[in-house]
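Asker: Questions regarding the structure given below will be posed in turn.
The values are calculated or read from the model by the stated rules, or taken from the named source; none is laboratory data. Everything numeric here is computed off the predicted structure, so don't read it as measured data. Cβ: placed from backbone, ideal geometry, glycine included. Neighbour counts: every protein chain shown. In case anyone asks, the SASA skips ligands and DNA or RNA and just uses the protein heavy atoms, side chains included. Shrake-Rupley method; radii C 1.70, N 1.55, O 1.52, S 1.80 Å.
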Amino acid sequence: MSPARPDAVLLAWDPELHDRWAGGHRTAAEAAAVRGRALGYWPVGRRRNLAPGTEAWFLIRGTRPGIIGHGATMAMPAVDETGQWFVTVTADALLPAGDQLPLEQVLRETGWQQPPPSGAAVQAADVAVLRRLWQAHLPFRLLPDPLLAVPGSRPPAALRHAAVDRWEHDPELRRLCLGYHGTGCAACGFSFEATYGPLAGGYIQVHRLDPGEGAPDPVSGLVPLCPNCHAVAHLARPDALSPAELRRLIAEHGHLPGQTLDDGQLAAREFAGRLLQADGEAAP
Ligand SMILES: [Zn+2]
Ligand SMILES: [Zn+2]
């Protein structure tokens, strides 16, 4: 008799022996960061009763073992030409090698005596522990929008997929854009670090200036915007507002009639006004 179908499984591999990812781990980690999806192909041994969509936690073995990704199975396991049973998986998060959540921390928090073998079922209580550890571990640079859940941190049934501009969420373009423009909002000057301190230091959203098909230039095609300005930019249809147009709105409407402005609001208005002047001088 086969054991009950698990809701979650642990899939492990030793990168020195195999690479389970389509295109290799490095490419797959980038694909997961940009598109939230990377494909892998996993031997399942005797574990042949996996339903499609079974939650999967990926464990890298070797000298620095740890949980390095999260995803799901995509189909029922099938036999390949060598007679081995395999399952196709998709990762919604896959960290670069070296960034894994250390296994010793997982063992300590779950109480596991040793890492389970690949294909082992993960019990609901242990899945809850993994979600909590993973949520705390995944660096926010991989999650440009903190409103989106960390993949694996919530039960799949609690989430739905959000459609986002992939280039605004591309980690490498983001790095280049912020390296040039800095992390202050290009429309209102808001700085997360100045307002909230080191916890939020470096956080800002990235906005694509003209919506095209291919990758934008990270310097001329992307700008940092705070979440307020970014949301308002995208309220305009069909084209989003430019930072200059946002500044004009702030300068015209930056306060409600009769409302007293606090120092931050005054500073934002003054900043917007200065930038508007700068725009005017720069215009031909
Ligand atoms: Zn702003
Ligand atoms: Zn945008």
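Asker: May I ask you to give the percent of accessible area on the chain that is carbon plus sulfur, with a probe radius of 1.4 Å?
Answerer: Whole-percent figure for carbon plus sulfur exposure: 55.
Asker: Using the alpha-carbon atoms, what tilt in degrees (0 to 90, nearest 10) does helix 25-35 show relative to the longest principal axis of the chain?
Answerer: On a 0 to 90 degree scale, this one is about 50.
Asker: Can I ask one more? Find the accessible area per residue for the chain; the probe is 1.4 Å, ligands and nucleic acids are left out, and the unit is Å².
Answerer: With all protein chains present, the chain gives 56 Å² per residue.
Asker: Between the helical axis of 124-137 and the dominant principal axis of the chain, each derived from Cα atoms, what acute angle in degrees is found, rounded to the nearest 10?
Answerer: 40
Asker: Among D80, D19, D92, which one moves the most in a GNM of the chain with springs linking Cα atoms closer than 10 Å?
Answerer: Answer for the Gaussian network model of the chain: D80.
Asker: Add -39500 (n - 2.57) for each DSSP H run of 4 or more in the chain, then divide by its residues: what number comes out at 222 nm, to the nearest 500 deg cm²/dmol?
Answerer: The per-residue figure over the chain is -9500 deg cm²/dmol.
Asker: If the chain between L159 and E109 were fully stretched, how many nm would it gain, using 0.36 nm times the residue separation less the Cα-Cα distance?
Answerer: Result for the pair: 15.5 nm of gain on full extension.
Asker: Could you calculate the FRET efficiency of Q135 with R166 from 1/(1 + (r/R0)^6), where r is the beta carbon distance between them and R0 is 25 Å, rounded to 0.05?
Answerer: Calculated value: 0.65.
Asker: Now for a separate question. Taking each pair of distinct Cα atoms in the chain once, what is the resulting Kirkwood hydrodynamic radius in Å?
Answerer: 21.4
Asker: Let me ask something else. Residue by residue through segment 42-47, which ³J(HN,Hα) values in whole Hz follow from phi under the Karplus form 6.51 cos²θ - 1.76 cosθ + 1.60 (θ = phi - 60°), with glycine and proline marked x?
Answerer: Here the 3J(HN,Hα) series is 10, x, 10, x, 8, 7 Hz.
Asker: Take the Cβ-Cβ distance between E270 and Y180 as r, set R0 to 30 Å, and report the resulting FRET efficiency rounded to the nearest 0.05.
Answerer: Computed FRET efficiency for E270 and Y180 comes out at 0.80.
Asker: Answer with one residue from G111, H181, G66: the one whose Cα lies farthest towards the positive end of the charge dipole of the chain, charges on Cβ with Lys, Arg +1 and Asp, Glu -1.
Answerer: Looking along the dipole axis, the top candidate is G111.
Asker: Work out the length of the dipole vector of segment 171-252 about its Cα centre, built from +1 on the beta-carbon of each Lys and Arg and -1 on the beta-carbon of each Asp and Glu, and round it to the nearest 20 debye.
Answerer: 140
Asker: Hey, what angle do you get for helix 171-181 against the long axis of the chain, alpha-carbon based, 0 to 90 degrees rounded to 10?
Answerer: 20
Asker: Place a +1 charge on the Cβ of each Lys and Arg in the chain and a -1 charge on the Cβ of each Asp and Glu, then give the dipole magnitude about the Cα centre in debye, rounded to the nearest 20.
Answerer: For the chain, the charge dipole is close to 880 debye.
Asker: Let me ask something else about it. Roughly how compact is segment 24-71, stated as its Cα Rg over 2.2 N^0.38 Å to two decimals?
Answerer: 1.27
Asker: Measure off 7 Å from each Cα along the Cα-to-Cβ vector at A124 and V34, then give the distance between these two points in nanometres to one decimal.
Answerer: Simple spin-label model gives 3.9 nm for this pair.
Asker: I'd like the projected area of segment 8-158, averaged over all directions, using the convex hull of its alpha carbons. Report it in nm² with one decimal.
Answerer: With every direction weighted equally, the projected area is 8.7 nm².
Asker: Rounded to whole Å and sorted largest first, what semi-axes of the equivalent ellipsoid does the C-alpha gyration tensor of segment 171-252 yield via the square root of 5 times each eigenvalue?
Answerer: 20, 18, 9
Asker: Could you rank the peptides 193-204, 48-59 by their average count of other C-beta atoms within 10 Å per residue, with the highest value first?
Answerer: Most protected by this proxy first, the peptides run 48-59, 193-204.
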